[in-house]
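Asks: Below you'll find the structure I mean.
Bear in mind these aren't lab numbers, they're just calculated from the coordinates by the rules spelled out. Small disclaimer: the values here were computed from a predicted structure and weren't measured. All Cβ positions, even for glycine, are placed from backbone atoms using ideal geometry, and neighbour counts span all protein chains on display.
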Amino acid sequence: MKRELLSMVMVALLLLSVSGSAEEIKNPGDIVYTFPVKAVLFSHYSHVKKASIQCDTCHPAIFKTKALAVESYPDFNMQALYDGKYCGACHNGGYAFSSDTQCARCHIGVKGANMYGEEIGKIKDMSYYMPKNTTVLGEGMYAASFNHNVHNVFECDTCHTSIFSFSYTPGEITMAKISEGKYCGECHNGEMAFASTNCVACHSGLSER
């Protein structure tokens, strides 16, 4: 009887398409670029909170998810911005102020850089960047919980966007796909992390049956 019940649960999970509950986007603070010039300030607050721009508007198409990675690109300069790359993709005088005007809004200079002290060019502990709320996929007893804090040993670009996009469509993530090694199954394969067949590890509702 128990074996039959377990089989029924596994079949249901394989057929279940999970949906996500909306979660408030947490902005990861300011980033100060120190190359090729010192110092240029980027404010996530201005873009995410004030302008309501979603993460996947810029990542990874315009900027890689890993902060400051763009500093290593040989074409990361003002000419590239004028040509519509990087910041210039939006700061073109149409969508946002042009990159060849209002220089001081981004170029805070040495005096402004000194305000940041030793924090310049450094990335805060990853737990600072991660959403604080638990992400819930699915509903009822089959709902699965994902906690970013449990995964804070990884950098954002470990999962985003090669495994997960910043936004997701209800029904996109299924147990069938996870069992094929996609999404959570990329790591939860019984080797890198506990196997996805350990149902109650994520689906806490099943443990109450």
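Asks: Just in region 23-85: which GluC sites (Glu not before Pro) are loop by DSSP and have at most 14 other Cβ atoms within 10 Å?
Replies: Passing sites in region 23-85 are Glu23, Glu24.
Asks: Residue by residue through region 71-77, what is 3J(HN,Hα) from phi via Karplus (6.51 cos²θ - 1.76 cosθ + 1.60, θ = phi - 60°)? Round to whole Hz and write x for glycine and proline.
Replies: So the Karplus estimates, Gly and Pro as x, are 4, 8, 7, x, 9, 7, 8 Hz.
Asks: With label points built 7 Å along Cα→Cβ from the Cα atoms of Asp75 and Lys38, find their separation and express it in nm.
Replies: 2.8 nm
Asks: In this model, which of Lys85/Lys182; Lys49/Lys85; Lys38/Lys85; Lys49/Lys182; Lys64/Lys177 are farther than 29 Å apart at the alpha-carbon?
Replies: Details: Lys85/Lys182 32 Å; Lys49/Lys85 23 Å; Lys38/Lys85 20 Å; Lys49/Lys182 31 Å; Lys64/Lys177 26 Å.
Beyond 29 Å: Lys85/Lys182; Lys49/Lys182.
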